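Engineer: Before I ask anything, here is the structure I am working with.
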Amino acid sequence: MTEQSDSSNGAHSDPLHGITLKVMLEKLHDHYGFEGLGWRIKIKCFTHDPSIQSSLKFLRRTPWAREKVEALYLSTFCK
């Protein structure tokens with residue numbers, strides 16, 4: 001008997017599976033705006049001349065900041 005992986009039966013243990021950083025950031029921006037994001041996560045890409053593109057560029061290069069965005073996404077939309 002063989003074991004099926006989670007992905008083969010459609011179940012995923014990772015709630016962020018299939019959600020891109022861009023989608024996360026856009027949903028968070030729609031929900032909080034950059035002012036709210038900057039208040040919740042203290043990083044300059046949300047507080048100083050913010051844009052989706054510049055924030056994506058920073059978050060893709062900065063794992064600790066991306067982790068904070070992912071955690072906020074989970075606490076906001078995956079309760």
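Engineer: Filter region 11-49 for residues that are part of a loop (DSSP other than H, G, I, E, B), in contact with a Leu (Cβ under 8 Å, 6 or more places away or on another chain) and either open to solvent by 40 Å² or more (accessible area, probe 1.4 Å) or of a type in the set (Val, Ile, Thr) (or both) and give the result.
Structural biologist: Correct list: Pro15, Ile41.
Engineer: Of everything in region 50-79 that's in a loop (DSSP other than H, G, I, E, B) and in contact with a Leu (Cβ under 9 Å, 6 or more places away or on another chain), which residue is surrounded by the most Cβ atoms within 10 Å (Cβ to Cβ)?
Structural biologist: Pro50
Engineer: Scan region 19-28 and tell me whether some residue there is in contact (Cβ under 8 Å) with a residue 60 or more places away in the chain and of a type in the set (A, V, I, L, M, F, W, C).
Structural biologist: no
The values are calculated or read from the model by the stated rules, or taken from the named source; none is laboratory data. What you are looking at is a predicted structure, and each value in this text was computed from that prediction instead of being measured. Positions of Cβ are generated from backbone atoms using ideal geometry, with glycine treated the same way; all protein chains shown enter the neighbour counts. Just the protein is used for accessible areas: all its heavy atoms, side chains included, with ligands, DNA and RNA removed. Shrake-Rupley method; radii C 1.70, N 1.55, O 1.52, S 1.80 Å.
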